[in-house]
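Asks: Pasting a structure here, questions to come.
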Amino acid sequence: MSAVADPRIAADAAAIAARAQEELAQLVDISSPSGDVSGAEQALAVCAQLLPPGADMERPACSTPGCAPDLLARLVGSGERRLLLLGHVDTVIGHDAHQPLRAEGERLYGTGTADMKGGVILSLGVARALAAQPEAFDELSVLLVCDEEWRTAPFVHAPQFAGYDACLCFEAGERTPDGDEGVVVRRKAAGTLSVTATGRAAHSGSAPASGRNALLALARVADAVAQRNDPDGPERLSVVPTVIRSGEAFNIVPAAGELIFDLRAAHISAFEAVMAAVPKEIEGVSLEPRMDRLWPGMDSDRATAGLIDAASARLGRGIAGVHRGGASDASHFADSVALTVDGLGPRGGGAHTPEEFVLAEALGQRAEVALALALEVLGNTKS
């Protein structure tokens, strides 16, 4: 464990770290891909057991129909400020490729370790540490959702936390090139653009000219719309074709298909021109664009600067706000909760791949960072 200026943080983080690897194994060993009700229920049952004693638990409906209900836990104290700890238990990797936790040197491999079951374990540890000081907060809430990795519907939970003093989200952490503890204060807006093509089937051998080839039309759309990609421009816009589906048999001109783009930008408004760039028709194939997902951007850079500086002093080492392109549930809170900080989970890598991992030493180190920020939010003085 690294040296910490505030002895209370050092003690609480050490207690969190002492349990974290065993708790992480319990959670990671459960396969819980987005949309799987049984996996989500098992994962949230583990989380419920790790909450502070006396927490009032609710199971509000998930934003995505058909998913297991989410988990919301609340503790009421005698202080003045309200704090939300945020995370998700769903993963991208499905059951067939799920990897339970395994240790190889300093790396702890397993599905969802970095994104974001490692962060969930830290959030629950931080909640237990803060719950031991009820005089420090008016309300402490933990929200764990089941659909972060594939949600296309509006996020239903954000409005009830408007006016909270801070939201801390536990997506994977990082270090800056200067060696500071990085926390995320800015994220791009995210969009999923789908283009549906409707053409006409024909025998590809005897009468190909009678068909209207949806696959070829979508290929042209993919190339043309991807030209809008401008990551170094004022909106930092990325336009990436990611999925194409078309055709039913090797000897039939494909009559239908779908093309999907992943869009990222500083602001949602940048996606309007991308959608408008899809033509209505190409060589007899009609094309219909639609936005399947729209997530807001997050910009807490200025609002959190003082908090991060004070937490750095309390911690005794540097914490720095960083920018990240990936989407997160934290973005849904940033407009109504000024002190929204993300990236408080353990450092690691390989998210969304079979080689996903977190660093064992980072469990304690990032617990220290989260505690420093939480205590500053709640207005605690140093021990």
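The values are calculated or read from the model by the stated rules, or taken from the named source; none is laboratory data. All of these numbers come straight from a predicted model, not from anything done at the bench. All Cβ positions, even for glycine, are placed from backbone atoms using ideal geometry, and neighbour counts span all protein chains on display.
Asks: If only one of A372, A367, A310, A338 is assigned to a helix (DSSP H, G or I), surrounded by fewer than 20 Cβ atoms within 10 Å (Cβ to Cβ) and touching a helix residue (DSSP H, G or I) at 6+ places or on another chain (Cβ under 8 Å), which one is it?
Replies: One residue alone meets the criteria, A310.
Asks: Test G345 against the criterion of being touching a residue at least 12 places away in the same chain (Cβ under 8 Å) and surrounded by fewer than 24 Cβ atoms within 10 Å (Cβ to Cβ), and give yes or no.
Replies: No; evaluated as a whole, the condition is false for this residue.
Asks: Scanning segment 282-307 for residues that are closer than 22 Å to S336 by Cα, charged (D, E, K, R) and within 20 Å of the chain's Cα centre (by Cα), which turns out surrounded by the fewest Cβ atoms within 10 Å (Cβ to Cβ)? If you could, list the steps in order and put the result at the bottom.
Replies: The initial filter retains those residues of segment 282-307 that are closer than 22 Å to S336 by Cα, namely 293-307.
Now drop any that are not charged (D, E, K, R), which leaves 293, 299, 301-302.
Checking which are within 20 Å of the chain's Cα centre (by Cα) leaves us with 293, 299, 301.
Numbers: R293: 16, D299: 18, D301: 13.
My answer is D301.
Asks: For L307, indicate whether it is farther than 19 Å from D178 by Cβ and not hydroxyl-bearing (S, T, Y).
Replies: yes
Asks: Now for a different question. May I ask you to list pairs of residues, at least six apart or on different chains, whose Cβ atoms are under 9 Å apart, with the first in segment 248-274 being at negative phi and touching a residue at least 12 places away in the same chain (Cβ under 8 Å) and the second being surrounded by fewer than 16 Cβ atoms within 10 Å (Cβ to Cβ) and part of a helix (DSSP H, G or I)?
Replies: Taking only residues 6 or more apart or on different chains, the pairs are V253/P208; V253/S210; F261/A226.
Asks: Tell me, yes or no, whether segment 318-332 has at least one residue that is modelled with pLDDT of 95 or more, surrounded by fewer than 19 Cβ atoms within 10 Å (Cβ to Cβ), among the small types (G, A, S) and on the phi > 0 side of the Ramachandran plot.
Replies: No, segment 318-332 has no match at all.
Asks: If you take the residues in segment 348-364 that are among the aliphatic types (A, V, I, L, M) and part of a strand (DSSP E or B), which one is surrounded by the fewest Cβ atoms within 10 Å (Cβ to Cβ)?
Replies: Result: L359.
Asks: When residues of segment 108-151 are filtered for being among the aromatic types (F, W, Y), surrounded by 24 or more Cβ atoms within 10 Å (Cβ to Cβ) and outside any loop (DSSP other than H, G, I, E, B), how many remain?
Replies: Here the count works out to 0.
Asks: Which members of segment 222-275 meet the condition of being assigned to a helix (DSSP H, G or I), of a type in the set (V, I, T) and surrounded by fewer than 19 Cβ atoms within 10 Å (Cβ to Cβ)?
Replies: If the condition is that a residue be assigned to a helix (DSSP H, G or I), of a type in the set (V, I, T) and surrounded by fewer than 19 Cβ atoms within 10 Å (Cβ to Cβ), then I268 is the only one that fits.
Asks: Of all residues being outside any helix (DSSP H, G or I) and of a type in the set (G, A, S) in segment 1-30, which is surrounded by the fewest Cβ atoms within 10 Å (Cβ to Cβ)? Just the residue, please.
Replies: The selected residue is A3.
Asks: Taking S286, is it among the small types (G, A, S) and assigned to a strand (DSSP E or B)?
Replies: yes
Asks: For the structure I just gave you, tell me whether V369 is more than 14 Å from the chain's Cα centre (by Cα) and at pLDDT 95 or above. Outline the logic, then answer.
Replies: Numbers: more than 14 Å from the chain's Cα centre (by Cα): yes; at pLDDT 95 or above: yes.
Yes; evaluated as a whole, the condition is true for this residue.
Asks: Another question, then. Are any residues in segment 137-165 of a type outside the set (V, I, T) and closer than 22 Å to G364 by Cα, and if so, which ones?
Replies: Correct list: L140, S141, L143, L144.
Asks: So which residues in segment 178-220 are assigned to a strand (DSSP E or B), of a type in the set (S, T, N, Q) and free of Cβ contacts under 8 Å to residues at least 60 places away in the same chain?
Replies: Across segment 178-220, there are no qualifying residues.
Asks: Still on this model: Those residues that are surrounded by 20 or more Cβ atoms within 10 Å (Cβ to Cβ) and either part of a helix (DSSP H, G or I) or without any contact (Cβ under 8 Å) to a residue 40 or more places away in the chain (or both), I need them from segment 47-78; list them, please.
Replies: Within segment 47-78, just C47 meets the criteria.
Asks: If you don't mind, another one. Report whether or not T196 is out of contact with any Phe, Trp or Tyr (no Cβ under 8 Å at 6 or more places or on another chain) and not assigned by TED's automatic domain parsing to the domain that holds G326.
Replies: Considered against the rule, which asks whether it is out of contact with any Phe, Trp or Tyr (no Cβ under 8 Å at 6 or more places or on another chain) and not assigned by TED's automatic domain parsing to the domain that holds G326, T196 comes out as yes.
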